[in-house]
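Data block below; observations after.
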């Protein structure tokens, strides 16, 4: 097998590795869904995956296109109503890790998926927050995944859809938030963790073949790097096979249907 | 068939007649349960009976001993959790008629099932309100059934477990309650309705063979009587047969089990 | 009491110009046929509510029927943005719409409060979030025991809710199974409720005691519309038409293409076409 | 993660003197075996919570284990009063107990708030009712939209909840069916949860998607105790022992008869006796 891999695959696999068998994980769509299911199919078979549609403990054989595909329900331990999901399971403090993506992200893990430009007269109206505002405050910690671009990783986001570390430091505590907030950022180029003091995302690991210059070129803020930056461990054959098989099953299933 | 009947049977059948096919009825145990099921088995086949255990639209073949017997669930349209019962169904204003019993009742339909004597040092500690405080305020109207005694029908109750018409008049409105409250009292001797002005329970119908004196002898307040007091229509053969068959089935089923 | 009737009659009798209306569904069981009937009947000045407004909301907005949108996530699930909604918000085309934007937690709690007959819902939310600053319907309540400040939103109470369900029985009780979303709450919170169903069966004798069932006296109208959720899905009947969601992104990206598609597939169509649309998507029973 | 263990070990590891504990069940699935084990192990100074404290609470109060009772209806269902509780309240025998008394609506909402991680619950309740005057934990909150004054009660958050359920699977997920009461909320509101079950099955593959299932990571301990709800019932397994409820009225009416009954049927017994007690009550499958 060829162990070449794409930046996207590295991102997904690095995110998968951050999850453990005991995690209760609130999953979004796209990269987080792939990462969570690769974790489940490799080193974390007992991980609990929760989708906000109400499916708890799902084990889909293919990746859902939406957060409410039938496959999620068919393989779930139980499926609850959406009000129950947000009250008992998210707000109830049952979720250890929430995965979020971002249209815009700042260096303190604050996320915008609401508008580009002014709220009342936006240049781009984005979908909005969905579950994100409370995922960001109620989950034990938050993992963020996104592809690096200067438009996406910005010095100042246009709208605070969900709160990360605010202006840094103990901003969460000051607002009475008791959860850890963004503790990990995994991009297609690097792994980032918040500085213990400032809470600014700091590169702790560069994916194989990636230079710090390239990380900076695709990031809108001045990149900081930990003293002992590492190289992300390359995907193993098992990880890559698992991810590619999952994607292949998914593509086959989704291309089957037509209006 | 012998059309003699007991005062208890007359009470149950008179209560059954007050229910209609379109009612959504919140049922307690004892007399209300018998009355509701006699209504269902005679003139109101489509009546919806709800027990606070979560069973909605039950049609028990025998009367339950508790409000949560398995028979209620087996015959229900659906069985919901107790929080849902009290939030969506009772507080949500879905119930047209609530049935309440009373240890002590005053002439304005205020009910005590909490204590006899002082709350902190009671002479008799009763079970408490259960669902009654909110049944009394959330149901469209309240029907009360009880056997007449001077200890039960009193001038002043020891504790306001649930609110009827307070001190009378528009007391409910003044508290912001929008439902009708107690609109019917059915005892083993008579049918009572609240005076339109004062809201004091007034005898509108005496059961066959009952005199007003006998009603007064078993009632702790000065009984008022409507100008055109009627005689309650005797139980029909169908009503009596239905009630007695129900009781017989119930006795047979409940005496079967032993520890 | 519940009426069994055609979708055309149900929409005519229950949805009026100026109404506040929810067509609810959470990916699963989205009431597409009902929304298309509302479009055909040309309702105007609607305040439309949904946690996850998607294709049908994009269509209603694009057709100029919507005065205000109350929502928490407006996207084409798994695909991207809603291009007709973007056009309305960014360019006021075909007209300006007002937005009342919440989080999912807020909307779910607001429906729950509506079903529970409460004027508002409280929850732990919006901490540090920007929506508080742009939505006057996000307020605060202080816990009288701990002093904690909680978020409060008004209960959602639609004039009418439309949902799609798997089954009704002949008495008019409705069964929803699988991903049940917020539909029970949306029905119980509303003054009127219209339910399209895949089929009407004799009874629910084989239904689980604790399944999500709406008793007949909570429903105003039931319409048998097989395939009525397409391109969404009905668990146990047909699968999601993912290709249609992908296609929509192209259709909605151009005003003229959109208009032509609406004319052909909605205005000139009827509820019966939905049965054909799911012909190749039926689940093996 | 969930442990499969004996009821004796589960009580020893999860219930401590001074704890706040709920043995929940709403007529159906009352965890009698677990409460009897707690009595055998002699726990003291408990704050006991239940909407409908019945026989086991009468027994715990009569045995002097209870410091405080938080409740909404204390009765022998369908029979009458709780005579041991009456003796404690009216005569301080065997000792004084403190009461925190609510309505069912308040308790149900308080459990729901506990499960939802909130500090309090709000609801429309206690209008004109006397409990407001004798319970400092009934307060008010004003709706910030309508000005309506609503009742507020603190969330119930037990140190440990005990429930009885029909089934667990080998992974430790728990299934409750039929009258599900407030047990899911009681488990999710608690720091620890012990579940006795009728049986442990391989998997829940045939369980309805929307059935009431508690995932294994919400449960501390699972104990297989067939008949563990007796004289309450387990839907699908055995029926309610109505005669035992009637008998209790006589047993509890006399202090000495009570003491002798407890010695014989609880102190000198063990969890295995429950299987025998339901021998004649089993449902035809």
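Any read-out appearing in this document is the output of simple, stated calculations on the displayed coordinates, not a laboratory observation. Worth saying up front: this structure is predicted, and the values here are computed from it rather than measured. Every residue, glycine as well, gets a Cβ built from its backbone with ideal geometry; the counts of neighbours run over all protein chains shown.
Descriptive notes on the structure:
- When both segment A:11-43 and segment C:14-29 are represented by their alpha-carbon centers, they are found 35 Å apart.
- Once the C-beta distance of residue A:123 and residue B:196 is scaled by a Förster radius of 60 Å, the resulting FRET efficiency is 0.40 to the nearest 0.05.
- Förster radius 35 Å - calculated FRET efficiency between residue A:245 and residue D:171 (Cβ-Cβ, nearest 0.05): 0.90
- FRET efficiency for residue A:211 and residue D:206, using Cβ-Cβ distance with R0 set to 56 Å, rounded to 0.05: 0.50
- For chain D, average projected area of the Cα convex hull in nm²: 15.5 nm²
- Taking A:114, A:145, A:75 in turn, the Gaussian network model of chain A (Cα-Cα springs below 10 Å) assigns the largest fluctuation to A:75.
- Percent RCO, i.e. relative contact order, over segment A:7-251, from Cα pairs under 8 Å lying at least 6 residues apart: 19 percent
- Of interest is the spacing of the C-alpha centroids, which for segment C:90-131 and segment A:66-106 amounts to 18 Å.
- For the B-to-A rotation axis, chain B residue with nearest beta carbon and its distance in angstrom: B:84, 5
- Where chain D is carried onto chain C by rotation, the Cβ closest to that axis, with its residue and distance in Å, is D:208, 2.
- For residue C:90, label point 7 Å along C-beta direction: distances to other copies, nm: 7.7
- Chain C: antiparallel DSSP beta bridges as a percent of all, rounded to 5: 35 percent
- Percentage of interatomic Cα-Cα distances in segment D:29-175 larger than 23 Å: 44 percent
- When only alpha carbons are used to place a centre, segment A:191-242 and segment C:261-276 end up 51 Å from one another.
- Residue among D:17, D:206, D:58 with the largest mean-square fluctuation in a Gaussian network model of chain D, springs linking Cα atoms under 10 Å: D:206
- With N as its number of residues, segment B:7-251 has a Cα radius of gyration that, divided by 2.2 N^0.38 Å, comes to 0.97.
- Principal axis dimensions, largest first and in whole angstrom, of segment A:1-110 by Cα: 44, 35, 26
- For residue B:222, label point 7 Å along C-beta direction: distances to other copies, nm: 9.1
- For residue C:147, the point set 7 Å out from Cα toward Cβ sits 2.9 nm from its twins in the other copies, listed from shortest up.
- Residue with peak Gaussian network fluctuation, chain D [Cα springs, cutoff 10 Å], from D:142, D:161, D:20: D:142
- Taking every DSSP bridge with both residues inside chain B, close to 45 percent are antiparallel.
- Here is how the number arises for chain B: DSSP H runs of 4 or more residues each give -39500 (n - 2.57), the sum is divided by the residue count, and the result at 222 nm is -7000 deg cm²/dmol.
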